[in-house]
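Input: a single structure, listed below in structure tokens.
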Amino acid sequence: VTTVTEQDNEASPSTTEAATSTATTVVNEQMWTLLAGGDVLLDLTEPEGVDPFTQVHPDLKSADVAIVNLEMAITERGEPYDKEYVFRAPGSSALTLAGAGIDVVSLGNNHVFDYGREGLEDTISVLDEVGILRPGAGSNNAEAYAPRVLSLDNGIRVAFVSATAVVPGGFAAGADRPGVADAKWAIPRVLAAVRAAASGNDVVVVSLHWGVEREPCPTEEQRSLAQQVIDAGADLILGHHPHVLQPIETYDRTVIAYSLGNFAWHPRYGITGDTGVLEVVFKGSSIQGYQFHPHVLNYTGSATPISSGDRYERIVDIVEGRCEEYAPESPTTTEAPTGTEGVTTTIATE
């Protein structure tokens, strides 16, 4: 996998239309795979010398692209924000991520800026050093919203956009202020980034931090934003923030994983520890199907595969859309608007 420099996301609608309507692009039709996990927090595992990715199946290194959400700063500097939870891990965490085969981490979330400007600077610096792509945050809003692009060995260009709809005060990037890409108050800018990504690349992956914590069913707001992002050109949407699994479904042939749960996370009260690996198979620029591989977090916060039992059945129910029976009383749950016509879907049993 070759890292390509960030893409300008200021393309006007007319420029985007011209690029898509007049250019003739020959796309390599070779099969390739993307593996995705959910929230990653290494604040306890890294100091204790625990690698939480050793039991993950399929092995992240086996994929053409592997992506997770980095729910922390990688730093030992900075002052913590005045908020209930602040997360960080030492610089060696970047080596752990790279060693696991992770190519991309989304920074558009409500924790990467927990230790302010210094913490974000360190995070970006160490990720760049190990060659991990990091959309969703930056030294200013141009950098935070800019699509980041991987050029695969087969010639396919995969663009990544990351943003958060959960935005603590002071976290949003500004013209001259570091921070995260804002999908709450600046949705038009996020959509512009997706359109720019779609205009010059073969596949667009959008990582969104959204939804309600501990809620296994997506909200109306999640569904609405997903449809806007798809209309802007997204091929795959990867969600996180609820810290539990949510359904995976399709809309206009785009796969939407509303929440992939906690992928590496120390055990905490009220969080199930149900998780897994989403495997998406592409042929050239088109999704051919996806498979979800159920895992649970063990006592160290590491994901381990499962193929039977009550927890396996719960994971299958939620991922396939039967989330209501596991939800707390809430007015936020809605019926799934679409099925999975045209995309092969399976739940792994091995």
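The values are calculated or read from the model by the stated rules, or taken from the named source; none is laboratory data. On a predicted model such as this, the values are computed, not experimentally measured, just so you know. Note that we place each Cβ from the backbone using ideal geometry, even for glycine, and neighbour counts take in every protein chain shown.
Observations on the model:
- Some residue of the range 177-196 being under 19 Å from residue 321 (Cβ atoms) and surrounded by 24 or more Cβ atoms within 10 Å (Cβ to Cβ): no
- Identity of the residue in the range 74-99, outside any loop (DSSP other than H, G, I, E, B) and in contact with a Phe, Trp or Tyr (Cβ under 9 Å, 6 or more places away or on another chain), that ends up surrounded by the most Cβ atoms within 10 Å (Cβ to Cβ): 97
- Residues that are under 16 Å from the mean Cα position of the chain (by Cα) and closer than 28 Å to residue 151 by Cβ within the range 198-224 comprise 203, 204, 205, 206, 207, 208, 209, listed in sequence order.
- Restricting 254, 304 to those that are touching a strand residue (DSSP E or B) at 6+ places or on another chain (Cβ under 8 Å), over 22 Å from residue 194 (Cβ atoms) and at pLDDT 95 or above reduces the list to 304.
- Restricting the range 29-73 to residues that are part of a helix (DSSP H, G or I) and of a type outside the set (Gly, Ala, Ser) leaves a set whose member that is surrounded by the most Cβ atoms within 10 Å (Cβ to Cβ) is 60.
- Members of the range 200-231 found to be in contact with a helix residue (DSSP H, G or I) (Cβ under 9 Å, 6 or more places away or on another chain), of a type outside the set (Val, Ile, Thr) and surrounded by 22 or more Cβ atoms within 10 Å (Cβ to Cβ), listed by number: 208, 210, 211, 216, 217, 218, 225
- Filtered residues of the range 108-131 (kept if crowded, with 22+ Cβ neighbours inside 10 Å and under 15 Å from the mean Cα position of the chain (by Cα)): 108, 109, 111, 112
- Those residues of the range 189-232 which are under 30 Å from residue 314 (Cβ atoms) and in a helix (DSSP H, G or I), in sequence order: 220, 221, 222, 223, 224, 225, 226, 227, 229, 230
- Number of residues in the range 133-151 that are surrounded by 19 or more Cβ atoms within 10 Å (Cβ to Cβ), more than 14 Å from the chain's Cα centre (by Cα) and assigned to a loop (DSSP other than H, G, I, E, B) equals 1.
- Condition met for residue 33 (at pLDDT 95 or above and polar (S, T, N, Q)): yes
- Single unsatisfied condition, residue 298 versus (1) at pLDDT 75 or above; (2) surrounded by 14 or more Cβ atoms within 10 Å (Cβ to Cβ): (2)
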